[in-house]
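Let me begin by presenting the structure, written as structure tokens, before commenting on it.
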Amino acid sequence: MDKKKKIAEMIRVNHAGERGAIKIYEGQLKALQLFNKDIELQNTIKDMRDHEFEHLNFFENEIVERKIRPTAFLPLWDVLGTVLGFGTVLLGKKATTLCTSAVEEVIGEHYGQQIDILSKEIKEEKVLKEKFVKFRNDELEHKNTAENLGANNDGVYFILDSIIKNCSKIAINISKKY
């Protein structure tokens, strides 16, 4: 695959991922406002969502400037992200924080793979690489925050963790191409 196609693929999938993360956080916030009222958790999720807006804005600009087609699956990812966020809050704080931890772990790994490609194969994309490094660090910070709030995959939570991670990986692979 040529460099231009690799870059387009990276930007398309990262755009989808950042938008998906926002939808997850928005679903969580809506459920917290309706049912849980955990103000500390709401504020933490709002902060993480705001980081995602910074990331999304960058990728939206890149899509326009580089004339890259976004994934055709954005409407589906919006719905699924919102449902995932809302649903995990209904399962409790541990499931809510586990959702963040699982998604951010997958995204952090994904950014790491892209950073490797930019370091080894597409060295001229220095600004893009710098942004990916910053965004990966933000995602890993969100993961750590979620773990500090109680996220772990003990017991039956292992199943939820596996489902969320595998679905995230599937969404990544689909969004790269379509």
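The values are calculated or read from the model by the stated rules, or taken from the named source; none is laboratory data. This one's a predicted model, so the numbers in the text were calculated from it and none came from an experiment. For neighbour counting, all protein chains shown are included, and Cβ atoms are generated from backbone atoms with ideal geometry for every residue, glycine included.
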*asked:* If I ask for residues that are touching a helix residue (DSSP H, G or I) at 6+ places or on another chain (Cβ under 9 Å) and β-branched (V, I, T), which ones from segment 33-86 would you list?
replied: I39, T44, I45, I63, I68, T71, V79, T82, V83
*Out of all the residues in segment 158-166, is one or more of a type in the set (F, W, Y), surrounded by fewer than 19 Cβ atoms within 10 Å (Cβ to Cβ), part of a helix (DSSP H, G or I) and out of contact with any His (no Cβ under 6 Å at 6 or more places or on another chain)?*
yes
*Could you list, in sequence order, the residues of segment 60-93 that are farther than 30 Å from I7 by Cβ and either more than 15 Å from the chain's Cα centre (by Cα) or outside any helix (DSSP H, G or I) (or both)?*
F86, G87, T88, V89, L90, L91, G92, K93
_Can you report the number of residues in segment 1-52 which are charged (D, E, K, R), within 16 Å of the chain's Cα centre (by Cα) and closer than 28 Å to L91 by Cα?_
9
*asked:* Show the residue pairs meeting these rules: Cβ distance below 8 Å; 6+ apart or different chains; first residue within segment 84-97 and within 13 Å of I45 (Cα to Cα) and touching a residue at least 24 places away in the same chain (Cβ under 8 Å); second residue surrounded by 20 or more Cβ atoms within 10 Å (Cβ to Cβ) and of a type in the set (D, E, K, R).
replied: G85/K23
*Look through K134, K177 and report the one residue that is modelled with pLDDT under 95 and over 16 Å from C99 (Cα atoms).*
K177
*Count of residues meeting criterion [over 17 Å from K143 (Cα atoms) and not aliphatic (A, V, I, L, M)] in segment 27-52*: 7
*Do the conditions hold for G108, that is, is it crowded, with 23+ Cβ neighbours inside 10 Å, part of a helix (DSSP H, G or I), among the small types (G, A, S) and within 13 Å of the chain's Cα centre (by Cα)?*
no
*State which residue pairs qualify: first residue of a type in the set (K, R) and inside segment 44-60, second residue at pLDDT 95 or above and assigned to a helix (DSSP H, G or I) in any location, beta carbons under 7 Å apart, and separation of 6 or more residues or different chains.*
K46/L29; R49/I22; R49/Y25; R49/E26
_Here is a list: F53, F35. Which entry is surrounded by fewer than 19 Cβ atoms within 10 Å (Cβ to Cβ), modelled with pLDDT under 95, of a type in the set (F, W, Y) and part of a helix (DSSP H, G or I)?_
F35
